[in-house]
1. Could you check how many residues of region 228-253 are more than 22 Å from GLN189 (Cα to Cα), touching a residue at least 12 places away in the same chain (Cβ under 8 Å) and open to solvent by 30 Å² or more (accessible area, probe 1.4 Å)?
2. State yes or no: is ALA409 open to solvent by less than 30 Å² (accessible area, probe 1.4 Å) and without any contact (Cβ under 8 Å) to a residue 40 or more places away in the chain?
3. Would you kindly identify the helices (runs of 4 or more DSSP H) lying entirely within region 190-266 that contain at least 1 residues that are more than 23 Å from ASP407 (Cα to Cα)?
4. Which pairs turn up if I take residues in region 212-227 that are under 18 Å from ASP98 (Cβ atoms) and look for partners that are surrounded by 15 or more Cβ atoms within 10 Å (Cβ to Cβ) and modelled with pLDDT under 95 with beta carbon separation below 9 Å, at least 6 apart in sequence or on another chain?
5. For residues that are open to solvent by less than 10 Å² (accessible area, probe 1.4 Å) and touching a Lys or Arg at 6+ places or on another chain (Cβ under 8 Å), scanning just region 149-167, find the one that is farthest from GLN210 (Cα to Cα).
6. Would you point out the residue of region 415-427, among those that are in contact with a helix residue (DSSP H, G or I) (Cβ under 8 Å, 6 or more places away or on another chain) and either in a helix (DSSP H, G or I) or open to solvent by 40 Å² or more (accessible area, probe 1.4 Å) (or both), that is modelled with the lowest pLDDT?
7. Residues ALA318, ALA257: which one is over 23 Å from the mean Cα position of the chain (by Cα) and surrounded by 24 or more Cβ atoms within 10 Å (Cβ to Cβ)?
8. Go through (1) assigned to a helix (DSSP H, G or I); (2) buried (at least 18 other Cβ atoms within 10 Å of the Cβ); (3) of a type in the set (Lys, Arg) for LYS404 and report which single condition fails.
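The values are calculated or read from the model by the stated rules, or taken from the named source; none is laboratory data. If you're wondering where the values come from, they're calculated on a predicted model, not measured in any experiment. Positions of Cβ are backbone-derived with ideal geometry, glycine not excepted, and every protein chain shown enters the neighbour counts. Note: areas computed on protein heavy atoms with side chains; ligands, DNA, RNA excluded. Shrake-Rupley method; radii C 1.70, N 1.55, O 1.52, S 1.80 Å.
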Amino acid sequence: MSVTRRKFLALGAGGAAVLGGLTGCGSRSSLGAADELSMWTWVGSVNDGLISAAEKGIPGAAAKKLSMTRIGTNYKTKVLTALAGKSMVPDIVAINDDVATYFPNADQFHDLHQLGADKLADQYLAWKWKLGITPDNRMIAFPMDTGPTALFYRRDILQKAGVPIEPADVAAAAPDWEGFIQLGKKISQAVPGSAITDNITSIFDYALAQQRQRYMTIDGKYIGDGDHMKQVWDLSVRVVKEGLSANAQAGSTDANAVITNGRLVAYVAAVWWAQLGPKNAAPETKGQWRVTAAPGGAGNRGGSFLAITKYCKDPAAAFAFISWLESSKNQAEAFLDPVLFPSTPASYTDSRLTTPDPFFGGQHIVDVFADSAKKYPGAYSSPYDTIIRTPLAAELVNVEVGSKTSDQAWKDAQQQVQRELTRAGAI
């Protein structure tokens, strides 16, 4: 079933203001002066040095300069509200990894195919490129960064446990999730209290991030109750039942504590966790961490895009800007600050990325994540992924804290998903 723009905006913004703006006529104008291209993004999504250069003059469109606005909170709601109001809309907007939620509103953006994007396609990861293209082949979003996954682990604690410690040996000992569980049990037996995940939903999210299919098919069929999803669910529950979860729920005071106190000894996560996890929470563990291929194969979680709104004053200049900003050279620069992993494979051999990382014992960790990014098969993300995941994740937490059995939680989650999809008009 197709999604109307009214349903989309209600789903994405959740506010009466958005719906009210949608029904108004609006002035259909873009934001900023005639010689400016306005851009909205969130804090920490772009390299400040590159933006500063574009604010003086856009490469390839020297008559224009960039006017950047960094929005700290409620970013997506503000973007959707501006689009619904059809007035003072930025020329360019950043879009997070929930890019598919914008597909029902695709006519609010320029089709980048028509601006020459196809000439650049071979410079980007194919699966990342496809994520910005709607089922009816409108390209509304241009690739920014990615979130390839790998296995982080504490070399010192694994050494204490008497198990393999070098990256290649750890990968060989845990090539799949079964092997990872067995490795985790050995570590836990030798070093009591050791965990291989912070909580149950992390296993769910990262195991699902390796799959070739997720919650829905491209033609709108719900498959979140299928075998592939039940296998991911059962894996998540098993890790808890084996005593290998730290039960530190996201947002709790324990989330960083399990990194700081050394309880989280191994963890499948995306590349950005290196900064948000051990480097931030446990700087004193510098030199003790290593990275290797994740059990179960390559995956991806996270990554952003840039889009040009239909109200843009100069679409050609806007495309010149986003293709310059997201070139392999500049994506390598953005890896240094604010630590965004490139979607351009040519960046992976750039000298700025290939230097050893002292925090990881001098390991060249980019090689591990680059391999994951190149091997990841890709999967279709639907406009409804978030509202499907929410009840599934909530019920998994109920299993972890012991308030429900796995079977009951699965049944309740599926019933809630059906209600939410029905309410959204998806089924």
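1. The initial filter retains those residues of region 228-253 that are more than 22 Å from GLN189 (Cα to Cα), namely 228-234, 249-253.
Okay, now just the ones that are also touching a residue at least 12 places away in the same chain (Cβ under 8 Å), so 228-230, 232-234, 249-250.
Filter once more, so that each one left must be open to solvent by 30 Å² or more (accessible area, probe 1.4 Å): 230, 234, 249-250.
Residues flagged as more than 22 Å from GLN189 (Cα to Cα), touching a residue at least 12 places away in the same chain (Cβ under 8 Å) and open to solvent by 30 Å² or more (accessible area, probe 1.4 Å) within region 228-253 amount to 4.
2. Details: open to solvent by less than 30 Å² (accessible area, probe 1.4 Å): yes; without any contact (Cβ under 8 Å) to a residue 40 or more places away in the chain: yes.
Taking the combined requirement at face value, the residue satisfies it.
3. Values: elements: 200-208, 227-241, 254-260.
Fully inside region 190-266 and qualifying: 254-260.
4. Partner pairs satisfying both residue conditions: MET216/ALA426; GLY220/VAL3; GLY220/ALA426; GLY220/ILE427; TYR222/ALA426; TYR222/ILE427.
5. Residues of region 149-167 that are open to solvent by less than 10 Å² (accessible area, probe 1.4 Å), as a first pass: 149-153, 158.
Within this subset, residues satisfying the condition of being touching a Lys or Arg at 6+ places or on another chain (Cβ under 8 Å) are 149, 152-153.
Numbers: THR149: 9, PHE152: 16, TYR153: 19 Å.
Among residues in region 149-167 that are open to solvent by less than 10 Å² (accessible area, probe 1.4 Å) and touching a Lys or Arg at 6+ places or on another chain (Cβ under 8 Å), the one farthest from GLN210 (Cα to Cα) is TYR153.
6. Filtering region 415-427 for residues in contact with a helix residue (DSSP H, G or I) (Cβ under 8 Å, 6 or more places away or on another chain) gives 416-417, 420-421, 424-425, 427.
Now narrow it down to the ones that are either in a helix (DSSP H, G or I) or open to solvent by 40 Å² or more (accessible area, probe 1.4 Å) (or both): 416-417, 420-421, 424, 427.
Details: GLN416: 98, VAL417: 98, GLU420: 98, LEU421: 98, ALA424: 95, ILE427: 90.
Filtering first and then ranking leaves ILE427.
7. Details: ALA257 fails: surrounded by 24 or more Cβ atoms within 10 Å (Cβ to Cβ).
Every option except ALA318 fails the conditions.
8. Unmet condition: (1).
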